[in-house]
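The values are calculated or read from the model by the stated rules, or taken from the named source; none is laboratory data. Predicted model only: the values in this text are computed from it and were never measured. Cβ: placed from backbone, ideal geometry, glycine included. Neighbour counts: every protein chain shown. Heavy atoms of the whole protein, side chains included, go into the accessibility calculation; ligands, DNA and RNA do not. Shrake-Rupley method; radii C 1.70, N 1.55, O 1.52, S 1.80 Å.
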There are 2 protein chains.
Amino acid sequence: MTPELRHLRYFVAVAEQLSFTVAARELHIAQQSLSQQIAALEHALGARLFDRDTRGTRLTEVGRVFLPEARAVLTHADAALETARRAVRGEVGRLRVAFLVSTANYMMPPVVRAFRERYPDVELLAEAVAIADLVAGLREDRYDAAFTRPPLVDDLVTATLVAEPVCAVLPAGHPLAGRPELRLADLAGEPWVLTPRGSWEPWHRKYDEDFRAAGFEPRVVQRADGVPSLLGLVAAGVGVTRLARSAHSLRRSGVAFVPIAGEQAETVMAWHPARDRQAVRNLLDVAAGLAASIDLTEAG
Amino acid sequence: MTPELRHLRYFVAVAEQLSFTVAARELHIAQQSLSQQIAALEHALGARLFDRDTRGTRLTEVGRVFLPEARAVLTHADAALETARRAVRGEVGRLRVAFLVSTANYMMPPVVRAFRERYPDVELLAEAVAIADLVAGLREDRYDAAFTRPPLVDDLVTATLVAEPVCAVLPAGHPLAGRPELRLADLAGEPWVLTPRGSWEPWHRKYDEDFRAAGFEPRVVQRADGVPSLLGLVAAGVGVTRLARSAHSLRRSGVAFVPIAGEQAETVMAWHPARDRQAVRNLLDVAAGLAASIDLTEAG
DNA sequence: CGGGGTTACAGTCGGAGCCTGTGACCCCAG
DNA sequence: CTGGGGTCACAGGCTCCGACTGTAACCCCG
């Protein structure tokens, strides 16, 4: 026989009560069963743990040595199970989170900070990545969750965190730069700088649709990858572009942000539905809580 | 269900093999039984430990957190059982040893030292006590073993360690002090100093017998308890007495020790037969080994 | 010397844990 | 495309272990 935790529990109970009868009552089993299990444990150890006779039960020297050991093992086992249960609740473990580069500058610091404060025993790995890698990472289980912009793909779940105005980005001093608000159609004649078509199909399909709805096809004078590059080209007077207002934090000089009427850019948290762990829900809760309490898009 | 060590063993095996089939083979059980037990553990924790499908088995995040915990508990449990087994072998624990005051001066230091060196994890409590307390202590389980002189009592077991000459103890300058050897009868006319009769009946019965065999009854001029007192009285010329040779180490001046032909004093280890633990045997082995290798009676 | 306490022994029962047989599924090689 | 070898899960049955009850032996105390 190989001893189980049950034997240790029984042993400790008898050692504490110094009575099989009382310990059995406490354990909700019969005294005979308890005697039997203790005997089995003693057999496995090769020595008696108790001296017992009709006038009582006393620990032997071996029992005296074993008692603290058995207690420690039981405590350790409880702690291990409790740790596992904390992991189930998403309070310990590891969480790999991707931030879309264009949202990382304002989302990552407050989200990471708030999450680490709330769940100090979760190892949070945060990474700023491009959209294609972000989606691939979620699908391939390289990331547990991601902060990004819609639209994405059908096989990922998303939850919207914040919505912000979409702005026309114009060179400083542009005739339209003073306006409080614009319509996309107002920019029909402008030279445009946009991201390369290949970067992420769903986005570009949406852009195409928006332009079609505005009644024109933009004259693209240059394509550049990444928000800072676009802002640089606009500041240099190469053309105009269209970005979420939060991008303004990346470049304050030489560009003007003018809201486009009725257009909203959302930031969402995305994850794979098959890997919907509690830690992911916790992250969503923290991020949603932040979004409700402070204006994340201004934080950068 | 409350998890047992078996579940942890099974979990670790699957986590190491990342295969139910292979782990089951290793554990000498069927794959189906293993799946069943893992499922039970998962149910107790409230979450899956493995993601499994037809193309393999992978740890979940909860499993990843739980794995080192489970390993640690198993290691701890093994260590606890090993400690208990060491206790069975008398390698850890506590040993309460009484030394008869008159043997303590030469037995206690080497025995305690040798035992502590051989069994460093045994807490050895050594005490020098009078014969009556020594016997009572063994009977009442206050001592596990004792070093003393026979004869004792029937209900204790003894093992002889060393035998040494019994000597007549004479004042320095006594007419018989120069002899290489004496017979008890040679001392028939001397004034005697002896221990009080009440100290330990079995000894006094033996003394009476010895004197009767020598054909005289000693004229006792004074009774005093303890070897130093007797030696002091002899040195002062009050009378003669009879002691084991090892008592010489307690007083070198003013007394002469002359062996009495054919008389031997034994030193024995005694213990209660009902409490015959391995640690007691170990102590006996150490003491017997010392007795064989060095002359304990000269050590003081 | 009976009553209340202890643990041990004997016999029985139910269920936990194991087994075998089978099925669904995936991947790779032919 | 299809068969073979791999994965794990489901279903049904058996065995034995850990429970149970009933009883006995023993000690101490009133």
Report task. Quickly work out the residue B:25-to-residue B:225 label distance, labels modelled 7 Å from Cα along the C-beta direction, and quote it in nm with one decimal. Result -> 7.7 nm
Report summary line: Expressed in nanometres to one decimal, the distance between label points 7 Å along Cα→Cβ at residue B:176 and residue B:133 is 3.4 nm
Report summary line: Note on chain B: alpha-carbon gyration tensor, axes a ≥ b ≥ c; rule is a/c under 1.5 for rounded, else prolate if a/b larger than b/c, else oblate; result prolate
**Report entry** Value of [θ]222 nm, deg cm²/dmol, for chain B, DSSP H segments ≥ 4, -39500 (n - 2.57) each, nearest 500
**Finding:** -14500 deg cm²/dmol
Query raised in the report: If you add up the charges near residue A:199, with Lys and Arg at +1 and Asp and Glu at -1, over every other residue whose beta carbon is less than 10 angstrom from its beta carbon, what do you get?
Result: 0
Query - Charge dipole of region A:1-127 about the Cα centre (unit charges at C-beta), most positive-ward option of A:46, A:80, A:103 - result: A:103
Report task. Using only the Cα atoms of region B:162-266, build the gyration tensor, take square roots of its eigenvalues as a ≥ b ≥ c, and label the shape rounded, prolate or oblate: rounded if a/c is under 1.5, else prolate if a/b is larger than b/c, else oblate. Result -> rounded
Report summary line: Dividing the mean separation of Cα pairs under 8 Å (6+ apart) by the residue count of region A:162-266 yields a relative contact order in percent of 53 percent
Report summary line: Losing no less than 50 Å² of accessible area (probe 1.4 Å) relative to the isolated chain, the residues of region A:67-83 are A:69, A:73, A:76, A:80, A:81
Requested in this report: Round to a whole angstrom and tell me the spacing of the C-alpha centers of region A:1-24 and region B:44-119.
Outcome: 18 Å
Report task. Find how much the distance from residue A:261 to residue A:274 grows on full extension, using 0.36 nm per residue of separation minus their present alpha carbon separation; answer in nm with one decimal. Result -> 0.9 nm
Query - In sequence order, calculated HN-Hα J values of region A:269-283 (Karplus, 6.51, -1.76, 1.60; Hz; x Gly/Pro) - result: 9, 10, 7, 7, x, 6, 10, 7, 8, 4, 4, 5, 4, 4, 4
Query raised in the report: Roughly how much of residue B:260 is accessible, in Å² to the nearest 10, using a 1.4 Å probe?
Result: 10 Å²
Report summary line: The A/B contact buries a total accessible area, at probe radius 1.4 Å and rounded to the nearest 100 Å², of 2900 Å²
**Report entry** Residues of region B:126-159 with amide N under 20 Å of the 7 Å Cα→Cβ point at residue A:18
**Finding:** B:137-144
Query raised in the report: Which whole-number value in Å² is the accessible area per residue of the protein assembly as shown, probe 1.4 Å?
Result: 46 Å²
Report task. Could you look at chain B and say what percent of its accessible area is carbon and sulfur, using a 1.4 Å probe and all protein chains? Result -> 50 percent
Requested in this report: Show the residues, 5+ positions off or on another chain, whose built amide H is closer than 5 Å to the amide H of residue B:255.
Outcome: B:172
Requested in this report: Taking only Cα atoms and a 10 Å spring cutoff, compute GNM fluctuations for chain B and point out the largest among B:207, B:143, B:106.
Outcome: B:207
Query raised in the report: Once a ≥ b ≥ c are taken as the square roots of the eigenvalues of the Cα gyration tensor of the protein assembly as shown, is the result rounded (a/c under 1.5), prolate (a/b larger than b/c) or oblate (a/b not larger than b/c)?
Result: prolate
Requested in this report: Sticking with the crude label model, points 7 Å out along Cα→Cβ, report the distance from residue B:33 to residue B:183 in nm, one decimal please.
Outcome: 8.1 nm
